[in-house]
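A quick write-up on the structure given underneath.
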Amino acid sequence: MGSVHSRTSAVDLGTEGWHKPWSGTNGGSCVEAKRLPDGSVALRQSRDPEGPALIYSREEMIAFIDGAKSGQADFLIA
């Protein structure tokens, strides 16, 4: 795999290993996540699996998840 950065084509990250941990009652529009070999995390839109992926470091994902758990992201859906 070449240089991985945000907006890398999700196709370049392969088809294996993508998960839909947040799928549910949203009409099939899901965020898919994939852990990359270096520990970073790729996110893509399930309706556009060949589109861009956003890449976050492990530390960025920890900060986001911890913040979401503590309510700091509630403004996104309020």
Check your understanding: What ³J(HN,Hα) values, in whole Hz, does the Karplus curve 6.51 cos²θ - 1.76 cosθ + 1.60 give for the stretch 4-17 when θ = phi - 60°, with x put for Gly and Pro?
Key -> 9, 8, 3, 6, 4, 4, 4, 4, 5, 8, x, 9, 8, x
Review point. Which whole-number percent gives the relative contact order of the chain, counting Cα pairs below 8 Å spaced six or more residues apart?
Key: 27 percent
Practice item. At q = 0.13, 0.14, 0.18, 0.26 Å⁻¹, what is the base-10 log of I(q)/I(0) for the chain according to the Debye formula with one equal point scatterer per Cα and no solvent? Please give it to two decimals. Key: -0.42, -0.49, -0.79, -1.29
Revision key, fill the gap. For the stretch 32-72, listing trypsin sites (Lys or Arg not before Pro) in a DSSP loop whose Cβ sees at most 16 other Cβ atoms within 10 Å gives R47
Review point. Hey, what number do you get for the chain at 222 nm if only DSSP H runs of n ≥ 4 count, each worth -39500 (n - 2.57), divided across all residues, to the nearest 500?
Key: -5000 deg cm²/dmol
Review point. Using unit Cβ charges (K, R positive; D, E negative) and no other charged atoms, how large, in debye to the nearest 20, is the dipole of the stretch 8-76 about its Cα centre?
Key: 180 debye
Practice item. Any chance you could give the angle, 0 to 90 degrees and rounded to 10, that helix 58-69 forms with the longest Cα principal axis of the chain? Key: 30 degrees
Exercise for review: Grab the other residues whose beta carbon is less than 15 angstrom from that of V4, score K and R as +1, D and E as -1, and report the net.
Suggested key: +2
Point to revise | Total formal charge among the other residues, if their Cβ is under 15 angstrom from that of A53, Lys/Arg +1 and Asp/Glu -1 | key: -1
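Since every read-out is calculated from the coordinates, none of them should be taken as a lab result. Because the structure is predicted, anything quoted here is derived from the model rather than measured. Heads up, the Cβs are rebuilt from the backbone with ideal geometry, glycines too, and the neighbour counts pull from every protein chain shown.
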